[in-house]
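Everything below concerns the one structure shown next.
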There are 2 protein chains.
Amino acid sequence: MEMAVQSGRGRPREFDPEEALAAALQVFWLRGYEGASMAELTEAMGITKPSLYACFGNKEALFRKALDLYERDKLCYVKSALQETTAKAVAEKLLRGALALQTGEPDPRACLGVISMVACTTHADTIKEEVIARRASSEKAMVERFERAKAEGDFPESIDPAALAAYLNAVMQGMGVQAGAGATPEQLAQLVDMTLAVWPGR
Amino acid sequence: MEMAVQSGRGRPREFDPEEALAAALQVFWLRGYEGASMAELTEAMGITKPSLYACFGNKEALFRKALDLYERDKLCYVKSALQETTAKAVAEKLLRGALALQTGEPDPRACLGVISMVACTTHADTIKEEVIARRASSEKAMVERFERAKAEGDFPESIDPAALAAYLNAVMQGMGVQAGAGATPEQLAQLVDMTLAVWPGR
DNA sequence: GCATCTATATACCGCTCGGTATGGAAATGG
DNA sequence: CCATTTCCATACCGAGCGGTATATAGATGC
């Protein structure tokens, strides 16, 4: 991540960039990119604005680094999910991972990606495209996994792997929307169970 | 809707409130509540700010009236969908209605409700709650319809009508997210087909 | 101890936000 | 024709936005 660490000349900074970034991620996750103000960010991070700009660049760069952290810390279950042995097992692990992400910690909240894609409506097109691109690369891995699954007979020939991936993503994104709208963990769990109950194939 | 129409004394207004409201709806639909600025709204509506405030109250009141119009004009398919003869037919009509809504007119865009629920992250809690409440009343009708469907044997006893309704809503909300993320109409249509293909029961 | 370099704190920048005060133009009822 | 009423255009309000200039405080290498 190389975060502007320099040689020992001059006064060393008094805060831990990793901790500050983690705090920033919480704010972005709660408020979205545009909804998070620099004032709220700096307060949560425990630093002042000049320190933030010196260390992270600007708001957009900070958000990208927060996205990196989010993928690394919160979305790591995706990679392991894709290594399950059947398509249904992959789906189950993805669904349960998303469920855990949205029911854990403070209160229910949607996936950061969903929030960012939907909420960047004004002049943050760059951010929106960034999130969409990351999502696309994630979906690509999922499609490839389902193509293999199809070859292995996990689900009927009539089903298109790309369509199945898009469908599963839609359910998870919808779960995020409902989490943000105040659904209870039980309701979200029901959603997972229902999706698995109707899942085509093994 | 009674929109401050008064007796014939004084100069009559020079614009049509219905047309102005329709224009406002387009802006809210594209930008979300917080993303829509009064400047963009007034420009699209073809009126000035004092005229807007005199006729509609304030931004929040304007949004509520736009929501009314949205439900009346764009969500009318829901009511007719619930009158289909089987649960699957209801689901199909709902899905195809949502699809038409999100692929029509200018470019793909999510359901206004989804946008509003996810995007109101800062200090527009009132708006968010309003949208959530409306969605809840809509979902309630859907649950009741599915309870009847279950009694009529449209799907297995093991399936909870409320869970089925939440699941179907999740798919449609996810479809909205993907529409907002730039999915093509063909991809969204695939989503509908996939959901119907795995639909439990008749 | 000194010169150098850098982090911090404060105050400030231009801009946009939602909302409004004001003054003149226009249409009405009498 | 006049008084009244209402609409419209402009300019403006305080507040918050992302971002920065400045000055002081503090840690380093020599």
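General observations
- Elements of type helices (runs of 4 or more DSSP H) in the range A:27-101, at least 1 residues being within 16 Å of DNA strand D (Cβ to nearest atom): A:38-45, A:49-56, A:59-73
- Members of the range B:42-86 found to be more than 16 Å from DNA strand C (Cβ to nearest atom), among the charged types (D, E, K, R) and within 20 Å of the chain's Cα centre (by Cα), listed by number: B:D68, B:E71, B:R72, B:D73, B:K74, B:K79
- Remark: B:A149 matches the filter, which requires a residue to be farther than 26 Å from B:Y70 by Cα and not acidic (D, E).
- Yes/no for A:K49 being in contact with a Ser or Thr (Cβ under 6 Å, 6 or more places away or on another chain), away from chain B (no Cβ under 14 Å) and at pLDDT 90 or above: yes
- Qualifying residue in the range B:92-109 (condition: among the polar types (S, T, N, Q) and free of Cβ contacts under 8 Å to residues at least 60 places away in the same chain): no
- Residue check, A:Q6 at pLDDT below 90 and away from DNA strand D (no atom under 11 Å from the Cβ): yes
- Single residue of A:L67, A:L21, A:L62, A:L94 found to be over 20 Å from A:E130 (Cβ atoms) and surrounded by 15 or more Cβ atoms within 10 Å (Cβ to Cβ): A:L94
- Filtered residues of the range B:70-91 (kept if under 18 Å from B:G32 (Cβ atoms) and surrounded by fewer than 17 Cβ atoms within 10 Å (Cβ to Cβ)): B:E71
- The one condition in (1) within 17 Å of A:T195 (Cα to Cα); (2) surrounded by fewer than 22 Cβ atoms within 10 Å (Cβ to Cβ) that A:K150 fails to fulfil: (1)
- A:K128 of a type outside the set (A, V, I, L, M, F, W, C) and closer than 26 Å to B:G35 by Cα: yes
- The residue of the range A:160-185 that is surrounded by the most Cβ atoms within 10 Å (Cβ to Cβ), among those that are over 16 Å from the mean Cα position of the chain (by Cα) and under 12 Å from B:Q173 (Cα atoms), is A:Y167.
- All positions within the range A:26-46 that are away from chain B (no Cβ under 14 Å), surrounded by fewer than 17 Cβ atoms within 10 Å (Cβ to Cβ) and free of Cβ contacts under 8 Å to residues at least 12 places away in the same chain: A:E43
The values are calculated or read from the model by the stated rules, or taken from the named source; none is laboratory data. Small disclaimer: the values here were computed from a predicted structure and weren't measured. A quick note on method: Cβ atoms are made from the backbone with ideal geometry, for glycine too, and the neighbour counts reach across all protein chains shown.
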